[in-house]
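Just below is one structure, and these are the notes that go with it.
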Amino acid sequence: MKKVNGHEVIQLFEQFSPKAFAMEGDKVGLQIGALNQSVENVLVALDVTEEVVEEAIAKNVQLIIAHHPPIFRPLKRIATDTPAGRMIAKLIKHDIAVYAAHTNLDVAKGGVNDLLAAALGLNNPQVLVPTYEDQLKKLVVFVPEEDAERLRDALGKAGAGAIGNYSHCSFSGAGEGRFLPGENTDPHIGEQGKLEAVNEVRVETVFPQSIEKRVVQAMIKAHPYEEVAYDVYRLDNTGEQLGLGRIGQVEETNLSEYAKVVKEALGVDKVRVVGDLNAKVKKVAVLGGDGNKYYSQAKFRGADVYVTGDIYYHTAHDALMAGLNMIDPGHNVERVMKHGVATVMEGLCKEKGYDVTFIPSEIGTDPFTFI
């Protein structure tokens, strides 16, 4: 297994949850510390509090990946006699970096909203509020015939060639490649100073822009030539729509019974419910965190109930008048990301051979207690 630093861990994380997915103005990325140090243990947390930092110290953590940015507004000072100042001082003293993935993790496939949709049992979940279109690109590369299949397989495993429910899609055409190896070359085929003609295959495949770096790296690694001839084209085809929230179908029930499902699935003792408890529930929308301003999209998309946190009093009245039921399990249910992100990152690191352990934080950070 390979020892890695924070840059390598975050490069891998950003393949899963690119910063480009974040909403405009969101505070995502490195917030405290540096990424050039060796990383063995990563703590995955919803919030960064002083108690979470103490947990990180106790567990010999070098990096915290958090959903909620600990620094959201500009700091005027860092006073170490305050809880926030002490927290930052402890992080710096113990060389613990903090990286925040906020709305980009909400949008990402396999991120917060997909985890919530899965927990609630939504069938065929779709994006509720589109916020980002993953631009499609095409890769064209020329490879010797005997290496073409291995190259196509590497591209498919990197995520290229995904069209709908099909994967590893590509097109190949035979041709003849010509090249003259110059000085200081070590050609895979041919000799220095001698013009060479090789039976080659032109391989074409498509990929979303967000994984371009991974696809190109996989292609170069699988290619036998020391200098690879390839082209990347931007396509006008519509790319995949990504965004906030999810909407899908559940087994038909009523609002009262579905509220119980939400409590059990998300591990909360209480939920706030807006609407007729006997109302039919078949189509459910969910959006992690504060989803007040998106209730109209849930209604427009035909949701029978909208599950989101921090519902305002006036939003609840507006939803009632619009005929939309709502369930508020609280903002803290986004904690599903702790185990979810740890699982995803463990899998990605295993594929790369990285020697890193991901630890879901065990500290509860919900500031509310129901009495």
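The values are calculated or read from the model by the stated rules, or taken from the named source; none is laboratory data. As the structure is a computational prediction, the values presented were derived from the model and not from experiment. All Cβ positions, even for glycine, are placed from backbone atoms using ideal geometry, and neighbour counts span all protein chains on display. Each accessible area value is taken on the protein alone, full model and side chains, heavy atoms only, with ligands, DNA and RNA left out. Shrake-Rupley method; radii C 1.70, N 1.55, O 1.52, S 1.80 Å.
Of the residues that sit in region 88-113 and are in contact with a Pro (Cβ under 7 Å, 6 or more places away or on another chain) and under 29 Å from Y258 (Cα atoms), which one is most open to solvent (accessible area, probe 1.4 Å)?
So the first thing to find is which residues in region 88-113 are in contact with a Pro (Cβ under 7 Å, 6 or more places away or on another chain), and the list is 98, 100, 102, 104.
Subsequent filtering for residues that are under 29 Å from Y258 (Cα atoms) retains 102, 104.
Working: H102: 38, N104: 0 Å².
Filtering region 88-113 for residues that are in contact with a Pro (Cβ under 7 Å, 6 or more places away or on another chain) and under 29 Å from Y258 (Cα atoms), the one most open to solvent (accessible area, probe 1.4 Å) comes out as H102.
Just to be sure, is N254 without any contact (Cβ under 8 Å) to a residue 40 or more places away in the chain and open to solvent by 40 Å² or more (accessible area, probe 1.4 Å)?
Working: without any contact (Cβ under 8 Å) to a residue 40 or more places away in the chain: yes; open to solvent by 40 Å² or more (accessible area, probe 1.4 Å): yes.
Yes; evaluated as a whole, the condition is true for this residue.
In the list K194, K221, which residue meets the criterion of being open to solvent by 60 Å² or more (accessible area, probe 1.4 Å) and within 26 Å of E14 (Cα to Cα)?
Values: K194 fails: within 26 Å of E14 (Cα to Cα).
None of the other options fit; the residue is K221.
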Residue hits (region 315-371; part of a strand (DSSP E or B) and over 23 Å from the mean Cα position of the chain (by Cα)) are N325, M326, I327, D328
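Listed residues T369, T365, T357; which is β-branched (V, I, T) and free of Cβ contacts under 8 Å to residues at least 12 places away in the same chain?
Numbers: T365 fails: free of Cβ contacts under 8 Å to residues at least 12 places away in the same chain; T357 fails: free of Cβ contacts under 8 Å to residues at least 12 places away in the same chain.
T369 is the lone residue from the list that is β-branched (V, I, T) and free of Cβ contacts under 8 Å to residues at least 12 places away in the same chain.
Return yes or no: is E200 more than 22 Å from S17 (Cβ to Cβ), touching a helix residue (DSSP H, G or I) at 6+ places or on another chain (Cβ under 9 Å), part of a strand (DSSP E or B) and of a type in the set (D, E)?
Answer is yes for this residue.
With respect to Y295, is the statement that it is crowded, with 20+ Cβ neighbours inside 10 Å, free of Cβ contacts under 8 Å to residues at least 24 places away in the same chain and closer than 23 Å to H102 by Cβ true? Full working, then the answer.
Numbers: crowded, with 20+ Cβ neighbours inside 10 Å: yes; free of Cβ contacts under 8 Å to residues at least 24 places away in the same chain: no; closer than 23 Å to H102 by Cβ: yes.
Spelling it out, it is not the case that Y295 is crowded, with 20+ Cβ neighbours inside 10 Å, free of Cβ contacts under 8 Å to residues at least 24 places away in the same chain and closer than 23 Å to H102 by Cβ.
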Determine whether I78 is open to solvent by 30 Å² or more (accessible area, probe 1.4 Å), of a type outside the set (K, R), in a loop (DSSP other than H, G, I, E, B) and in contact with a Lys or Arg (Cβ under 7 Å, 6 or more places away or on another chain).
no
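From the residues in region 228-249 that are in contact (Cβ under 8 Å) with a residue 40 or more places away in the chain and among the acidic types (D, E), which one is surrounded by the fewest Cβ atoms within 10 Å (Cβ to Cβ)?
The first filter runs over region 228-249 and keeps only residues in contact (Cβ under 8 Å) with a residue 40 or more places away in the chain, leaving 228-235, 237-249.
After this cut, where a residue has to be among the acidic types (D, E) as well, the list is 231, 240.
Details: D231: 10, E240: 16.
This residue is D231.
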Are there any pairs with C-beta distances below 9 angstrom linking a residue in region 24-37 that is touching a residue at least 60 places away in the same chain (Cβ under 8 Å) and more than 30 Å from P130 (Cα to Cα) to a residue that is surrounded by fewer than 17 Cβ atoms within 10 Å (Cβ to Cβ) and of a type in the set (D, E), with the two at least 6 apart or on different chains, and if so which?
G33/D95; A34/D95; Q37/D95
Restricting attention to region 207-232, and to residues there that are under 11 Å from Q135 (Cβ atoms) and part of a strand (DSSP E or B), which single residue is nearest to the chain's Cα centre (by Cα)?
P208
Qualifying residues in region 1-58 (those that are part of a helix (DSSP H, G or I), out of contact with any helix residue (DSSP H, G or I) (no Cβ under 9 Å at 6 or more places or on another chain) and among the small types (G, A, S)) - the one surrounded by the fewest Cβ atoms within 10 Å (Cβ to Cβ):
A58
Just checking, how many residues over region 298-307 are in a strand (DSSP E or B) and free of Cβ contacts under 8 Å to residues at least 24 places away in the same chain?
1
Within region 125-137, does at least one residue satisfy the condition of being of a type in the set (A, V, I, L, M) and assigned to a helix (DSSP H, G or I)?
no
